[in-house]
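Take a look at the structure set out below.
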Amino acid sequence: MIKLISLFLSFSFLSLFSFGQTESSKLQITQLTKDFYIYTTWQSFNGVRFPANGMYVLTNNGVLLLDSPWDTTQFQPLLDSILIKHNKNVVMCIATHSHEDRTAGLVYYGTREIKTYTTKQTDSISQIRGEPRAQYLITSDTIFRLGQHEFEVYYAGPGHTTDNVVIWFKKEKILYGGCLIKSTEANDLGNLSDANVVAWPETIHKIQLKCGKPKYVIPGHQSWSNNQSLEHTLMLIEQYQLNEKK
């Protein structure tokens, strides 16, 4: 009987945390480890349905949200899902650069009493383009503490965009890279409309120097199951540069 109860509880737990786990759904939430969860939404990119990853972190003082959904219909469903799953509200949102797959929900979340943040550099770009802006600006590399979790917003230099930052959870060795870092599943560098490919390798090297060997590396798109995304990004940049010379 005890084994049957344990099996039922295990099944119930897995069912709860597999909500939206099929790619046909609009919102997928996957537990990374302990308090860390990856959420994924989709949009059409070059005619193909393509995933974008964000992350949220449970703390004793509410939920930290990193970036906002690419699919704008999922702003509120994400908040609802977090509340249903964890009985916690999102209290802080940080966008990692100025593209719509990161910043689209800033204004919406600001109206939901969530403190929204970007760097000053990102805000300048968003202002020029007439795109969503955050309530609060980060003017330099900053260490935040929310509840029991400490993390750093770190700008290593240009790459995917001129303003891309990463979020480093030193204690847990989790690197949230956003679109600056490419998944090992990626075959190319993706959207280069605002990229600085020349500076990109040095930016990655600075992150490697700072973070060493992260346990988890979360790219802005596609799979995060392999933690070699920093190395893979460097390889893709090298391939791109070689092709450009031909």
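Test each condition in (1) in contact with a Ser or Thr (Cβ under 9 Å, 6 or more places away or on another chain); (2) outside any strand (DSSP E or B); (3) among the charged types (D, E, K, R) for Lys171 and report the one that comes out false.
In the conditions (1) in contact with a Ser or Thr (Cβ under 9 Å, 6 or more places away or on another chain); (2) outside any strand (DSSP E or B); (3) among the charged types (D, E, K, R), Lys171 misses (1) alone.
What helices (runs of 4 or more DSSP H) lie completely within segment 36-137 and have 2 or more residues being surrounded by fewer than 19 Cβ atoms within 10 Å (Cβ to Cβ)?
Numbers: elements: 75-86, 100-103, 106-110, 120-129.
Passing ranges, in order: 75-86, 106-110, 120-129.
Would segment 66-87 turn up any residue that is modelled with pLDDT of 95 or more, farther than 18 Å from Lys26 by Cβ and over 17 Å from the mean Cα position of the chain (by Cα)?
For segment 66-87, residues modelled with pLDDT of 95 or more, farther than 18 Å from Lys26 by Cβ and over 17 Å from the mean Cα position of the chain (by Cα): present.
Pull up segment 192-222, narrow it to residues that are more than 19 Å from Val153 (Cα to Cα) and in contact with a helix residue (DSSP H, G or I) (Cβ under 9 Å, 6 or more places away or on another chain), then point me to the one that is surrounded by the most Cβ atoms within 10 Å (Cβ to Cβ).
His221
Could you tell me which of the residues Glu202, Glu172 is charged (D, E, K, R) and closer than 20 Å to Asn60 by Cα?
Glu172
Restricting the search to segment 188-227, which residues are assigned to a helix (DSSP H, G or I) and among the aromatic types (Phe, Trp, Tyr)?
Trp200
Only one of these is at pLDDT 95 or above, exposed (fewer than 15 other Cβ atoms within 10 Å of the Cβ), touching a Leu at 6+ places or on another chain (Cβ under 9 Å) and of a type outside the set (Phe, Trp, Tyr): Asn226, Asn187. Name it.
On inspection, the qualifying residue turns out to be Asn187.
If you go through segment 138-168 one residue at a time, how many are part of a strand (DSSP E or B) and surrounded by 22 or more Cβ atoms within 10 Å (Cβ to Cβ)? Spell out how you get there, then give the answer.
Initial filter on segment 138-168 (part of a strand (DSSP E or B)): 138, 142-146, 149-154, 166-168.
From the residues that got through so far, the ones that are surrounded by 22 or more Cβ atoms within 10 Å (Cβ to Cβ) too are 151, 166-168.
Total meeting the criteria: 4.
Of the residues Leu242, Leu230, Leu236, only one is without any contact (Cβ under 8 Å) to a residue 24 or more places away in the chain, assigned to a helix (DSSP H, G or I) and more than 17 Å from Thr122 (Cβ to Cβ); which?
Leu242 is the lone residue from the list that is without any contact (Cβ under 8 Å) to a residue 24 or more places away in the chain, assigned to a helix (DSSP H, G or I) and more than 17 Å from Thr122 (Cβ to Cβ).
How do the pairs read when you match residues in segment 16-35 that are farther than 19 Å from Val217 by Cβ with residues anywhere that are at pLDDT below 95 and not in a loop (DSSP other than H, G, I, E, B), using Cβ under 9 Å and keeping only pairs 6 or more apart or on different chains?
Within 9 Å, the pairs are Glu23/Arg49.
The values are calculated or read from the model by the stated rules, or taken from the named source; none is laboratory data. What you see is a predicted model, and the numbers here were worked out from it, not measured in a lab. As a convention, Cβ positions derive from the backbone with ideal geometry for all residues, glycine included, and neighbour counts pool all protein chains shown.
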